[in-house]
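Below is one structure, written out as structure tokens; the observations come after it.
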């Protein structure tokens, strides 16, 4: 059984306080709804964490197949752990302020197929995102060797944009972001599998990313 998790409870400090997951991507769907639709194809259950303030927005979306938890976390790891603690073993995590374009296979389906309990969905990191995301170095066998988060000097060619984990690997909630958690797992000797995903990844969490998103659409 695979459970899809979507932390949508950020403070929306960027974009003038507008929750980024609510941005429209066509006449009928938002970013969050697109992620739910993709997860529906491969997950047995979908859970969303959101703030009390955002509940009225989610109530107007097509999310009938998702369980919504009202929770105001301090970090993405915090929200993800709270969703996972409801129950389950295998989880796929997406970021609902991102958008996937020009893929042949559902990116979440690619992650579900990974053999290992821990896996990162990887996209090519283009110049516009370098230094702004979690960049990844891969060993020749496809094992994730190192993650560097938001460093302008990092030259790693790949970036992570979704991930898979099993409940037997607990989060360290003192860490600020998932990249640091991934690196801690690596440092502890855990095997993180790389899952290369074809297509384009857009981070719509900034005004620059928003312009790129609507230009691409």
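The values are calculated or read from the model by the stated rules, or taken from the named source; none is laboratory data. Just so it is clear, the structure is predicted and the values come from calculations on it, not from any experiment. Don't worry about glycine lacking a Cβ; one is built from the backbone with ideal geometry, like all the others, and counts go over all protein chains shown.
Below, the figures for the structure above:
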{"item": "Evaluation of residue 189 against (1) without any contact (Cβ under 8 Å) to a residue 12 or more places away in the chain; (2) under 21 Å from residue 124 (Cβ atoms) (one fails), failing number", "result": "(2)"}
{"item": "Counted residues, segment 78-99 - those being over 11 Å from the mean Cα position of the chain (by Cα) and either crowded, with 22+ Cβ neighbours inside 10 Å or at negative phi (or both)", "result": "11"}
{"item": "Scan of segment 23-43 for residues that are touching a residue at least 40 places away in the same chain (Cβ under 8 Å) and within 18 Å of the chain's Cα centre (by Cα), ordered by number", "result": "23, 25, 31, 32, 34, 35, 38, 39, 41, 42, 43"}
{"item": "Any hit, segment 36-46, residues being in a helix (DSSP H, G or I), touching a strand residue (DSSP E or B) at 6+ places or on another chain (Cβ under 6 Å) and closer than 19 Å to residue 173 by Cβ", "result": "no"}
{"item": "Exclusive hit being modelled with pLDDT of 95 or more, within 15 Å of residue 8 (Cβ to Cβ) and out of contact with any helix residue (DSSP H, G or I) (no Cβ under 6 Å at 6 or more places or on another chain), set 83, 38", "result": "83"}
{"item": "Counted residues, segment 55-78 - those being in contact with a strand residue (DSSP E or B) (Cβ under 8 Å, 6 or more places away or on another chain), under 16 Å from residue 4 (Cα atoms) and not in a loop (DSSP other than H, G, I, E, B)", "result": "5"}
{"item": "Residues of segment 183-206 classified as buried (at least 21 other Cβ atoms within 10 Å of the Cβ), over 14 Å from the mean Cα position of the chain (by Cα) and either outside any strand (DSSP E or B) or at pLDDT below 95 (or both), total", "result": "1"}
{"item": "Filter result (farther than 17 Å from residue 190 by Cβ and in a strand (DSSP E or B)) within segment 84-120", "result": "92, 94, 98, 99, 100, 101"}
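Yes/no matrix, rows are residues, columns are (1) touching a residue at least 24 places away in the same chain (Cβ under 8 Å); (2) within 21 Å of residue 74 (Cβ to Cβ); (3) in contact with a strand residue (DSSP E or B) (Cβ under 8 Å, 6 or more places away or on another chain); (4) surrounded by fewer than 16 Cβ atoms within 10 Å (Cβ to Cβ):
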position	(1), (2), (3), (4)
140	no, no, no, yes
153	no, no, no, yes
162	yes, no, yes, no
174	no, yes, no, yes
181	yes, yes, no, no
